[in-house]
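Below is one structure, written out as structure tokens, with a few remarks after it.
The values are calculated or read from the model by the stated rules, or taken from the named source; none is laboratory data. As the structure is a computational prediction, the values presented were derived from the model and not from experiment. Counting neighbours? That spans all protein chains shown, and the Cβs are built from the backbone with ideal geometry, glycine included. Surface accessibility is based on the protein's heavy atoms, side chains included, excluding ligands, DNA and RNA. Shrake-Rupley method; radii C 1.70, N 1.55, O 1.52, S 1.80 Å.
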Amino acid sequence: GAGVSQSPRYKVAKRGQDVALRCDPISGHVSLFWYQQALGQGPEFLTYFQNEAQLDKSGLPSDRFFAERPEGSVSTLKIQRTQQEDSAVYLCASSLAFSGHTIYFGEGSWLTVV
Amino acid sequence: GQNIDQPTEMTATEGAIVQINCTYQTSGFNGLFWYQQHAGEAPTFLSYNVLDGLEEKGRFSSFLSRSKGYSYLLLKELQMKDSASYLCAVISQTGANNLFFGTGTRLTVIP
């Protein structure tokens with residue numbers, strides 16, 4: 001597609017519920033990233049994929065967070081047993097290759113845990 | 001660890017020039033990005049600096065000094081639509097693409 005597409009755009013989850021957030025990167029982009037952005041803050045790195053390989057997951061805040069990209073294109077970020085502190089915008093971004101290339105962001109999935 | 005600092009908020013007048021500063025302390029350095037983010041929207045790319053000096057692109061310019069760990073974004077001929085958050089981000093590792101962001105500077109342009 002023309003840009004990075006994320007769904008759902010908005011999600012309200014009850015505390016304890018599992019959620020899955022989808023990211024469709026720009027076609028042909030090798031690198032894919034997930035970021036978490038709290039209100040009034042800059043995005044914080046969660047995890048990074050190069051094709052289907054998850055090369056860095058150091059930013060995932062707990063073992064309730066899990067990301068996958070099984071075929072090297074679409075990625076899913078799953079959050080199990082959601083808690084109120086998980087409320088944030090989850091941004092997906094992709095880039096063509098490695099360092100130095102522009103990273104393009106999707107509009108984000110806004111998660112509110114009630 | 002990574003530390004990226006930028007002012008939280010700035011206000012400037014339409015038609016004026018504003019400079020948004022960013023200082024960074026990272027374990028390595030492989031480039032610095034500036035992004036613009038309007039409320040509720042995705043960050044959009046403005047500039048990328050990896051060598052020292054000034055990069056100019058229309059009304060926007062970005063400067064980098066690697067020895068000082070310092071960058072600034074210069075916006076000229078401000079327009080009301082420039083009201084947004086401006087995010088400074090650093091790639092700290094060669095071969096990795098994970099950007100580390102500052103908290104962003106919220107710029108308000110007033111008439």
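Does at least one position in the stretch B:73-85 carry a residue that is within 11 Å of chain A (Cβ to nearest Cβ) and part of a strand (DSSP E or B)?
Yes, the conditions are met somewhere in the stretch B:73-85.
Give me the residue from the stretch A:68-91 that is within 14 Å of chain B (Cβ to nearest Cβ) and in contact with a Phe, Trp or Tyr (Cβ under 6 Å, 6 or more places away or on another chain) and, out of that set, farthest from residue A:35 (Cα to Cα).
Taking the stretch A:68-91 and keeping what is within 14 Å of chain B (Cβ to nearest Cβ), we get A:88-91.
This time we only want the ones that are in contact with a Phe, Trp or Tyr (Cβ under 6 Å, 6 or more places away or on another chain), so: A:89, A:91.
Numbers: A:89: 8, A:91: 5 Å.
Checking each candidate, the answer is A:89.
Write out, first by first residue and then by second, each pair whose Cβ atoms fall under 6 Å of each other, whose residues are 6+ apart or on separate chains, and whose first residue, in the stretch B:40-65, is closer than 17 Å to residue B:101 by Cβ while the second is open to solvent by 80 Å² or more (accessible area, probe 1.4 Å).
B:42/A:107; B:47/B:55; B:49/B:55; B:62/B:55; B:64/B:52
Can you tell me which residues in the stretch A:14-35 are in contact with a Phe, Trp or Tyr (Cβ under 6 Å, 6 or more places away or on another chain) and of a type in the set (S, T, N, Q)?
Hits for the stretch A:14-35: nothing passes.
Being at pLDDT below 95, assigned to a loop (DSSP other than H, G, I, E, B) and open to solvent by 10 Å² or more (accessible area, probe 1.4 Å) is the filter here, so list the residues in the stretch B:39-65 that pass it.
Of everything in the stretch B:39-65, those that are at pLDDT below 95, assigned to a loop (DSSP other than H, G, I, E, B) and open to solvent by 10 Å² or more (accessible area, probe 1.4 Å) turn out to be B:39, B:40, B:41, B:42, B:50, B:51, B:58.
Among (1) in contact with a Phe, Trp or Tyr (Cβ under 7 Å, 6 or more places away or on another chain); (2) open to solvent by less than 30 Å² (accessible area, probe 1.4 Å); (3) more than 8 Å from chain A (Cβ to nearest Cβ), there is one condition residue B:33 misses while meeting the rest; what is its number?
Unmet for residue B:33, out of (1) in contact with a Phe, Trp or Tyr (Cβ under 7 Å, 6 or more places away or on another chain); (2) open to solvent by less than 30 Å² (accessible area, probe 1.4 Å); (3) more than 8 Å from chain A (Cβ to nearest Cβ): (3).
Please enumerate the residues belonging to the stretch A:1-18 that are away from chain B (no Cβ under 14 Å) and of a type in the set (Val, Ile, Thr).
A:12
Give all pairs with beta carbons closer than 9 Å in which a residue from the stretch A:1-24 that is free of Cβ contacts under 8 Å to residues at least 40 places away in the same chain meets a residue that is open to solvent by 40 Å² or more (accessible area, probe 1.4 Å); count only pairs at least 6 apart in sequence or on separate chains.
These pairs meet every condition: A:1/A:24; A:1/A:27.
Within the stretch B:70-103, work out how many residues are at pLDDT 95 or above, under 21 Å from residue B:29 (Cα atoms) and of a type in the set (Gly, Ala, Ser).
Residues flagged as at pLDDT 95 or above, under 21 Å from residue B:29 (Cα atoms) and of a type in the set (Gly, Ala, Ser) within the stretch B:70-103 amount to 1.
Would it be correct to say that residue B:15 is in contact with a Leu (Cβ under 7 Å, 6 or more places away or on another chain) and open to solvent by 40 Å² or more (accessible area, probe 1.4 Å)?
Details: in contact with a Leu (Cβ under 7 Å, 6 or more places away or on another chain): yes; open to solvent by 40 Å² or more (accessible area, probe 1.4 Å): yes.
Yes.
Could you go through the stretch A:53-61 and let me know if any residue there is outside any loop (DSSP other than H, G, I, E, B), within 9 Å of chain B (Cβ to nearest Cβ), touching a strand residue (DSSP E or B) at 6+ places or on another chain (Cβ under 8 Å) and more than 29 Å from residue B:107 (Cα to Cα).
There is at least one residue in the stretch A:53-61 that is outside any loop (DSSP other than H, G, I, E, B), within 9 Å of chain B (Cβ to nearest Cβ), touching a strand residue (DSSP E or B) at 6+ places or on another chain (Cβ under 8 Å) and more than 29 Å from residue B:107 (Cα to Cα).
Please go through (1) crowded, with 16+ Cβ neighbours inside 10 Å; (2) within 20 Å of residue A:45 (Cβ to Cβ) for residue B:20 and return the number of the only condition it doesn't satisfy.
(2)
What tally of residues in the stretch A:62-110 results from selecting those that are under 16 Å from residue A:25 (Cβ atoms) and assigned to a strand (DSSP E or B)? Lay out the reasoning, then the answer.
Residues of the stretch A:62-110 that are under 16 Å from residue A:25 (Cβ atoms), as a first pass: A:67-77, A:90-98, A:101-109.
Filter once more, keeping what is assigned to a strand (DSSP E or B): A:67-68, A:75-77, A:90-95, A:104-105, A:109.
Selection size over the stretch A:62-110: 14.
Give all pairs with beta carbons closer than 6 Å in which a residue from the stretch A:90-109 that is modelled with pLDDT of 90 or more meets a residue that is of a type in the set (Val, Ile, Thr) and outside any loop (DSSP other than H, G, I, E, B); count only pairs at least 6 apart in sequence or on separate chains.
A:108/A:89
Out of A:28, A:16, A:40, report the one residue that is modelled with pLDDT of 95 or more, surrounded by fewer than 14 Cβ atoms within 10 Å (Cβ to Cβ), part of a loop (DSSP other than H, G, I, E, B) and not basic (Lys, Arg).
A:16
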